[in-house]
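Asks: Just dropping this structure here.
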Amino acid sequence: MPFFEYRITLYPIEQFKEFAFFCSEDGHCSLGEIPGDQVEKLMDVLNEMGRNGWELVQIISRPSGIVALWKRSIK
C-alpha cells in the first residue's frame with residue numbers, strides 16, 4: 001500500500017499580479033486572458049515542485065495569492 005506526504009504552499013499575489021481565474025454563472029471556471037510571463041511563472045513553480053517528486057493535487061486562487069496542495073510518495 002503506498003504512503004504519501006502532503007504539502008500546502010502559498011504563493012503571494014505579488015508573484016502573480018495579473019493571474020486571472022473566471023467562473024461563469026453555471027459554475028464553469030477557466031483561466032482568463034493571462035499574460036505569457038504569468039503563465040511562465042506558474043509553469044516554473046509546477047516544474048520545480050515536480051522535479052522534487054511533488055504532484056499537484058489542487059490549486060486555489062485566493063485574494064492573497066495562490067494556494068497549492070501537493071503530494072508525493074514516501075517509502
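Asks: When the residues of segment 48-69 are narrowed to those that are in contact with a Lys or Arg (Cβ under 9 Å, 6 or more places away or on another chain) and in a strand (DSSP E or B), which ends up nearest to Leu10 (Cα to Cα)? Please lay out each step first, then the result.
Replies: Of all residues in segment 48-69, those in contact with a Lys or Arg (Cβ under 9 Å, 6 or more places away or on another chain) come to 49, 52-57, 68-69.
The next check asks that each one be in a strand (DSSP E or B); those that pass are 55-57, 68-69.
On the way: Glu55: 16, Leu56: 13, Val57: 14, Ala68: 6, Leu69: 9 Å.
Going through the qualifying residues, I end up with Ala68.
Asks: When both residues are 6+ apart or on different chains and their Cβ atoms are under 6 Å apart, which pairs have a first residue that lies in segment 42-56 and is within 11 Å of Arg72 (Cβ to Cβ) and surrounded by 16 or more Cβ atoms within 10 Å (Cβ to Cβ), and a second that is modelled with pLDDT of 95 or more and of a type outside the set (A, V, I, L, M, F, W, C)?
Replies: So the pair list comes out as Trp54/Arg72.
Asks: To continue, here is another question. Out of segment 37-58, which residues are modelled with pLDDT under 90 and hydrophobic (A, V, I, L, M, F, W, C)?
Replies: Val39, Leu42, Met43, Val45
Asks: Within segment 40-58, how many residues turn out to be more than 17 Å from Glu5 (Cα to Cα) and in contact with a helix residue (DSSP H, G or I) (Cβ under 9 Å, 6 or more places away or on another chain)?
Replies: 3
Asks: Within segment 19-36, is even one residue at pLDDT below 85, in a helix (DSSP H, G or I), out of contact with any Cys (no Cβ under 6 Å at 6 or more places or on another chain) and more than 14 Å from Ile66 (Cβ to Cβ)?
Replies: To start, the set of residues in segment 19-36 that are at pLDDT below 85 comprises 19-36.
Adding the requirement that they be in a helix (DSSP H, G or I) leaves 36.
Within this subset, residues satisfying the condition of being out of contact with any Cys (no Cβ under 6 Å at 6 or more places or on another chain) are 36.
With the extra rule that they be more than 14 Å from Ile66 (Cβ to Cβ), the set shrinks to 36.
Checking segment 19-36: at least one residue is at pLDDT below 85, in a helix (DSSP H, G or I), out of contact with any Cys (no Cβ under 6 Å at 6 or more places or on another chain) and more than 14 Å from Ile66 (Cβ to Cβ).
The values are calculated or read from the model by the stated rules, or taken from the named source; none is laboratory data. Everything numeric in this text was worked out from a predicted model, so none of it was measured. So basically every Cβ, Gly included, is an ideal-geometry build from the backbone, and we count neighbours across all protein chains shown.
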